[in-house]
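Notes follow once the structure below has been shown.
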Amino acid sequence: MAKKKMPKTNAIRQVEQKKIPYKEYTYEWNEEHLGADHVIEETHANPDQLFKTLVAVGNVTGPIVAVIPGNRELDLKKIAKASGNKKVEMLHLRDLEATTGYIRGGCSP
């Protein structure tokens, strides 16, 4: 049985437009295994080349998208300063799909 082809994300379209080489990994989405460690284990991806997309909200700017290495944590104080906000907090999970169009574990830059 042939696998269903996934639609391209805007991030993939931009990478292709700039002719940047990339390798696409797919894995089964599972609510209990959403961390980068699970994705690395499932796909055998290079941990130094796996990034995660996190969405935060600034008190001045509103939504902020951060793309960071999969083995790192987002420093909210640093992103607040870099984005011109006094305070930044993570976007509440219930607002993720309405804000980004993506579900938890599948958010793309």
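Based on this model, can you work out whether VAL57 counts as outside any helix (DSSP H, G or I), closer than 23 Å to LEU96 by Cα and touching a residue at least 40 places away in the same chain (Cβ under 8 Å)? No.
Filtered by the rule that a residue be over 14 Å from ALA36 (Cβ atoms) and either free of Cβ contacts under 8 Å to residues at least 24 places away in the same chain or aliphatic (A, V, I, L, M) (or both), region 62-88 gives GLY62, ILE64, VAL65, ASP75, LEU76, LYS77, LYS78, ILE79, ALA80, LYS81, ALA82, VAL88. For region 67-95, the set of residues classified as modelled with pLDDT under 90 and crowded, with 16+ Cβ neighbours inside 10 Å consists of GLY70 only.
Listed here are the residues, each with its yes/no results for (1) surrounded by 14 or more Cβ atoms within 10 Å (Cβ to Cβ); (2) assigned to a helix (DSSP H, G or I).
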residue: GLN14; (1), (2): no, yes
residue: GLU24; (1), (2): no, no
residue: ASP37; (1), (2): no, yes
residue: ALA45; (1), (2): yes, no
residue: ILE64; (1), (2): yes, no
residue: TYR102; (1), (2): yes, no
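The values are calculated or read from the model by the stated rules, or taken from the named source; none is laboratory data. These numbers were taken from a predicted model, which means no experiment stands behind them. For neighbour counting, all protein chains shown are included, and Cβ atoms are generated from backbone atoms with ideal geometry for every residue, glycine included.
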